[in-house]
Ligand SMILES: [Zn+2]
Ligand SMILES: [Zn+2]
């Protein structure tokens, strides 16, 4: 599984893009920065966009990605998310005020469609995907993405939920990487709790039990302003990414 980190920051700053992670060239986790990072040809190759939730740092380039699809007559693109995420996009983004309603453009389902993630694992191309509810805003999900026996977890934005760490542990050897958000430094524990995000100390607590012979744990979604602090506080076993990295897992 090829994983390209187009952007993975918790906010925008020069050199820092918000979350968009491209898998095998055609599946995108979140739409925070793809349109401004990828070539038009690469955007045209995207067929599935998996949204973790509706916060703007995860959806802000979705209108521009769809603009590329529409103007190039690309067919068969699916935007996946929870029902809450889909409802927010339709009410507050694709509403004719912020961006056109899809009906206005006479876009039918052969061009692109919005689809709610099913409860159970589902297949998109060679990938098997499972959406798992996490503790952030209503409708927020993490994604477990598997290709053959290789699985990767993307936490999306989340507060501390032991179930997420238990889920990671349950994949055992099959889990090749666990991408987990680390938005704030430890001194901002209270802000992290209120805004439903994680700190390095919270991650440390969660991975204690299963990291003995574990997969890579990779911190992302760090706020650029706190990057150095968070990097210094992350447990030794946890790597961090800032965007631009490519993994073959
Ligand atoms: Zn975010
Ligand atoms: Zn968020």
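Read-outs throughout are calculated quantities, based only on the coordinates presented, and are distinct from any laboratory measurement. Computed from a predicted structure; not experimentally measured. In this analysis, Cβ positions are derived from the backbone assuming ideal geometry, glycine residues included, and neighbour counts consider all displayed protein chains.
Using Cα-Cα distances under 8 Å and only pairs 6 or more residues apart, what relative contact order does the chain have, in percent?
Numbers: 537 pairs, mean separation 47.6, N = 249.
After rounding, I find 19 percent.
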How large is the helix-only mean residue ellipticity at 222 nm for the chain, computed as the sum of -39500 (n - 2.57) over DSSP H runs with n ≥ 4, divided by its residue count, in deg cm²/dmol to the nearest 500?
-6500 deg cm²/dmol
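Beyond 22 Å, how much of the Cα-Cα pair distribution for region 110-249 remains, as a whole percent?
38 percent
Between Rg and the Kirkwood Rh of region 1-76, both from Cα atoms, what is the Rg to Rh ratio? Display every interim value, and only then the final one.
On the way: Rg = 11.4 Å, Rh = 12.1 Å.
When Rh is taken as the Kirkwood radius, the ratio is 0.94.
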Relative counts (whole %) of C-alpha pair distances in the chain, using bins that are 5 Å wide
1, 6, 15, 19, 21, 17, 11, 6, 3, 1, 0
Treating each Cα of region 43-143 as an identical point scatterer and ignoring solvent, apply the Debye formula and state log10 I(q)/I(0) at q = 0.14, 0.20, 0.21, 0.24 Å⁻¹.
-0.52, -1.07, -1.17, -1.44
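Expressed as a rounded percentage, what relative contact order does region 16-102 have, with Cα pairs under 8 Å and six or more residues apart? Provide the component values of the computation, followed by the final result.
Working: 127 pairs, mean separation 22.0, N = 87.
It rounds to 25 percent for region 16-102.
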Burial ordering of 179, 16, fewest other beta-carbon atoms within 10 Å first
16, 179
Rule-of-thumb check for region 22-62: C-alpha Rg over 2.2 N^0.38 Å?
1.05
